[in-house]
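The values are calculated or read from the model by the stated rules, or taken from the named source; none is laboratory data. Please read all numbers here as calculations on a predicted model, not as lab measurements. As a convention, Cβ positions derive from the backbone with ideal geometry for all residues, glycine included, and neighbour counts pool all protein chains shown. SASA here: full protein model, heavy atoms, side chains in, ligands and nucleic acids out. Shrake-Rupley method; radii C 1.70, N 1.55, O 1.52, S 1.80 Å.
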Amino acid sequence: MDPFTLTNPLAFKTQDQVEERIAGNPFLHPEVAYEWTYGAVYSPKWIKGLTLSADWWHIDMRDIVATLGAQFIIQNSNRAPFDALVTRAAPPPGGQFGPVILVQDPSENIAGAIFEGLDYEAIYILDSSIFGHGDFGRLTTTVNGTWLSRAELQPTPQNKRFGINGQFQSTSFTLTNSLPWHRANFSIFYDGPADTWAGGLDVGAVVHWTGQFEDDNFDLTLATKPQEPRSGDLPNRARKVAAWTTLDLILNYTFNLPPPAAAEVPGFAKDGGKNVKTHDGKEKNVVPVSTAEYGCSNWKWWLNNTTLTLGMQNVTDEDPPFVAGNFENGYDEALATIKGRFWYVGLKKRF
């Protein structure tokens, strides 16, 4: 989308797709990043099985090596240094901007970006044995998420930093994808009781939630200041991308077959192959085990410690929310990667 040719006659508007040439840059500087994190973990004694944790993090990146993307360059092509990266055809009579026919997108050192937020998690493990009626397995409930409190971008040293948190970011902008203020996951899993056939069972559900965020209102409203995306000539076009919730189901079963019976060593062990006397006169527990019939040619060896996985992503087949700023297909590409219902089966052997 080219905000500078929207009012041009049709023949002088920039097309939805233009040529973009991505190139290297021999004058790049090394990237530098400064980071600090404060965290805490709390497990209250009065609620057995509960663990709470939180991490407040801050990342300050400078001289970031990235391509800016054709969309970002075009929407800033009315000023230096971006105007030198865009080639336009002749403008209409009396107009200032002609349609874009070529965008040069070399790797650049972006002046800087700051990201800051809170990661949090709560885990509660309910062990059925605490009720004194036997072991029937355990339930593990987890809530974790990220709250993005700050995200600021400074493309060049001549620009002021402006906020990009809570906004849709075009996939052509390689620094990051869309930046919702809040993302969270909720899960509950059941594990079978140990020392039973159900000991390898692990079944549960995961709910993924992405909070709402601003659409590409800088382009939609024809704003001139990126830090004020709703201040353009068409403020009524500003909109938010709806929240999105999906459900996944997962079933894992790990085969834990018992080892073969211990084989006694004639002439070495006594008391049924349990104890031997060492040189200092003390007795030591020794259980010699023969693996002659438990090698890789045995089907039990191949099945033991093998995990079978069956799952389904996006069980309710929820479509990603519509994004007006994405001219390609109307979806946020980062969210659309799991568009549609998806079955999967897995098999993993641990040696």
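Apply the Karplus parameterisation 6.51 cos²θ - 1.76 cosθ + 1.60, with θ equal to phi minus 60°, to every residue of segment 75-91 and state each ³J(HN,Hα) to the nearest whole Hz, in sequence, with x for glycine and proline.
Result, rounded to whole Hz: 6, 10, 6, 8, 8, 6, x, 6, 4, 6, 9, 10, 10, 10, 7, 4, x.
Residue-wise, which Karplus ³J(HN,Hα) couplings in Hz belong to segment 239-246, taking 6.51 cos²θ - 1.76 cosθ + 1.60, θ = phi - 60°, and x for glycine or proline?
8, 10, 7, 5, 5, 9, 10, 10
Quick one: which of 107-114, 307-314 comes out on top by average Cβ neighbours within 10 Å, and what's the full order, highest first?
Final packing ranking: 107-114, 307-314.
Once the Cβ-Cβ distance between Tyr344 and Asp60 is put in as r, and R0 is 45 Å, what FRET efficiency do you end up with, to the nearest 0.05?
Using R0 = 45 Å, I get an efficiency of 0.70.
Considering only the other residues whose Cβ falls under 12 Å of the Cβ of Glu152, what net charge follows from Lys and Arg at +1 and Asp and Glu at -1?
Summing Lys and Arg as +1 and Asp and Glu as -1 gives +1.
Report the full-extension gain for the segment Ile123 to Leu251: residue separation times 0.36 nm, less the Cα-Cα distance, to one decimal in nm.
Working: separation 128, 0.36 × 128 = 46.08 nm, distance 1.98 nm.
Taking 0.36 nm per residue and subtracting the Cα distance, the gain is 44.1 nm.
Would you mind telling me the share, in percent, of accessible area of segment 192-245 contributed by carbon and sulfur at probe 1.4 angstrom? If you can, show how the numbers build up before the last one.
On the way: 1470 of 2730 Å².
Heavy-atom surface of segment 192-245 belonging to carbon and sulfur, 1.4 Å probe: 54 percent.
Answer rounded, prolate or oblate for segment 111-246, using the Cα gyration tensor with square roots of eigenvalues a ≥ b ≥ c: rounded when a/c is under 1.5, else prolate when a/b is larger than b/c, else oblate.
Prolate is the answer for segment 111-246, as a/c is 1.5 or above and a/b outweighs b/c.
How much length is gained on full extension from Arg21 to Lys240, taking 0.36 nm per residue of separation minus their Cα-Cα distance?
Taking 0.36 nm per residue and subtracting the Cα distance, the gain is 75.7 nm.
About its Cα centre, how strong a charge dipole does segment 45-99 have in debye, to the nearest 20, once Lys and Arg get +1 and Asp and Glu get -1 at the Cβ?
The dipole of segment 45-99 has a size of about 240 debye.
For segment 1-90, which whole-number percentage of the solvent-accessible area (1.4 Å probe, protein heavy atoms only) is attributable to carbon and sulfur atoms? Before the final figure, lay out each step's value.
Values: 3500 of 5900 Å².
Of the solvent-accessible surface of segment 1-90, carbon and sulfur hold 59 percent.
What value does segment 1-62 have for Rg/Rh, both radii from Cα atoms and Rh as Kirkwood defines it?
We get a ratio of 1.40 for segment 1-62.
So what does log10 I(q)/I(0) come out to for segment 1-133 at q = 0.21 Å⁻¹, using the Debye formula with one equal point on every Cα and no solvent?
-1.14
So if I restrict to the alpha-carbon atoms in segment 189-261, what is the Rg, and what is Dmax, the biggest pairwise distance, in Å?
25.3, 81
Obtain the nm distance between the two label points defined at Phe186 and Ala198 by a simple spin-label model: each point lies 7 Å from its Cα along the Cα-to-C-beta direction.
Using points 7 Å along Cα→Cβ, the separation is 2.5 nm.
Taking amide H positions as placed in the peptide plane 1.01 Å from N, state which residues far from Val323 in sequence (5 or more) or on other chains have amide H under 5 Å from it.
Those qualifying (amide H under 5 Å, at least 5 residues apart or on another chain) are Tyr331, Asp332.
For labels at Thr224 and Ala90 in the simple 7 Å Cα→Cβ model, what's the distance in nm?
Calculated label separation equals 2.8 nm.
Please compute the modelled spin-label separation between Asn159 and Trp302, points set 7 Å along Cα→Cβ, answer in nm with one decimal.
Result for the modelled spin labels: 5.8 nm.
Amide H neighbours of Thr67 under 5 Å, at least 5 residues apart or on other chains, H built in the peptide plane: list them.
Those lying under 5 Å, H to H, from Thr67 are Glu108, Thr174.
What accessible area per residue, rounded to a whole number of Å², is obtained for segment 120-206 using a probe radius of 1.4 Å?
Numbers: 4550 Å² over 87 residues.
Result: 52 Å² of accessible area for each residue.
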